[in-house]
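Comments concern the structure below.
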Amino acid sequence: MASYYDEHDCDPLKDGELPNHTLHLARLLLDTGIAAEWEMEFDSVFGGDRKVPPASKKVVSELPTRLITPTEAVLCKKCAICLANFDEEDEVKSLPCSHNFHTKCILPWLERVNSCPECRHELPTDDPTYEEYKRQKARVKQKEFELETLHGSMFG
Ligand SMILES: [Zn+2]
Ligand SMILES: [Zn+2]
């Protein structure tokens with residue numbers, strides 16, 4: 001019996017490697033209007049606890065760095081990664097969601113995942129397939145919303 005890879009004319013993937021044909025398939029499905037199936041395919045690649053790409057190196061390098069103020073130290077705010085209280089003059093980085101983490105804690109974190117450890121706010125990544133996934137997912141959501149609105153205006 002021929003294997004999946006023979007039939008689909010592509011090489012088996014190494015761990016963590018994303019299939020190039022996934023993007024292709026996504027476009028194909030979208031073109032034929034089967035957005036839901038497309039979303040399932042992509043969720044099976046990126047969804048659940050599967051690996052997401054790390055945050056964009058450029059974005060990470062541009063995160064603002066500052067020192068913890070005496071007030072914040074008194075308020076006993078914590079770094080959600082190492083769970084230690086911030087001390088006055090600890091060096092922290094602020095994410096776009098305005099959460100702060102020790103520089104030494106957040107840098108290794110963002111090398112593995114692209115989201116804030118506290119609120120899961122996503123940072124841009126350097127992975128074009130994942131960025132496309134996010135764009136299309138937003139588009140599908142927008143479509144669903146438009147359909148609902150249309151449906152509501154016709155039958156509501
Ligand atoms: Zn920390
Ligand atoms: Zn956050």
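Residues of segment 93-128 that are of a type in the set (A, V, I, L, M, F, W, C) and within 12 Å of Thr65 (Cα to Cα): Leu95, Phe101, Ile106, Leu107. If Arg112 meets every condition in (1) surrounded by 14 or more Cβ atoms within 10 Å (Cβ to Cβ); (2) within 16 Å of ligand 1 (Cβ to nearest atom); (3) charged (D, E, K, R) apart from one, which number is that one? Every condition holds for Arg112 apart from (1). The number of residues in segment 104-141 being under 22 Å from Glu72 (Cα atoms), in contact (Cβ under 8 Å) with a residue 24 or more places away in the chain and more than 16 Å from ligand 2 (Cβ to nearest atom) comes to 0. Taking only segment 80-94 into account, find how many residues are away from ligand 1 (no atom under 13 Å from the Cβ) and either within 22 Å of the chain's Cα centre (by Cα) or surrounded by 15 or more Cβ atoms within 10 Å (Cβ to Cβ) (or both). Selection size over segment 80-94: 1.
Can you find a residue in segment 91-109 that is part of a loop (DSSP other than H, G, I, E, B) and of a type in the set (Asp, Glu)?
Restricting attention to segment 91-109, the residues satisfying the condition of being part of a loop (DSSP other than H, G, I, E, B) are 95-99.
Filter once more, keeping what is of a type in the set (Asp, Glu): none.
Within segment 91-109, not a single residue is part of a loop (DSSP other than H, G, I, E, B) and of a type in the set (Asp, Glu).
Within segment 60-79, restricting attention to residues that are within 23 Å of the chain's Cα centre (by Cα) and of a type outside the set (D, E, K, R), which residue is nearest to ligand 1 (Cβ to nearest atom)? Working first, answer last.
Just the residues of segment 60-79 that are within 23 Å of the chain's Cα centre (by Cα), to begin with: 60-65, 79.
Okay, now just the ones that are also of a type outside the set (D, E, K, R), so 60-61, 63-65, 79.
Values: Val60: 16, Ser61: 19, Leu63: 15, Pro64: 17, Thr65: 14, Cys79: 3 Å.
Of everything passing the filter in segment 60-79, Cys79 is nearest to ligand 1 (Cβ to nearest atom).
Tell me, please, whether a residue that is touching a His at 6+ places or on another chain (Cβ under 8 Å), modelled with pLDDT of 90 or more and buried (at least 17 other Cβ atoms within 10 Å of the Cβ) can be found in segment 64-79. Within segment 64-79 (the criterion being touching a His at 6+ places or on another chain (Cβ under 8 Å), modelled with pLDDT of 90 or more and buried (at least 17 other Cβ atoms within 10 Å of the Cβ)), the answer is yes, since at least one residue qualifies.
No other residue among Lys104, Lys58 is at pLDDT 90 or above, under 19 Å from Thr125 (Cα atoms) and of a type in the set (D, E, K, R) apart from Lys58.
The values are calculated or read from the model by the stated rules, or taken from the named source; none is laboratory data. Just so it is clear, the structure is predicted and the values come from calculations on it, not from any experiment. Neighbour counts are summed over all protein chains in view; Cβ atoms, including those assigned to glycine, are modelled from backbone coordinates with ideal geometry.
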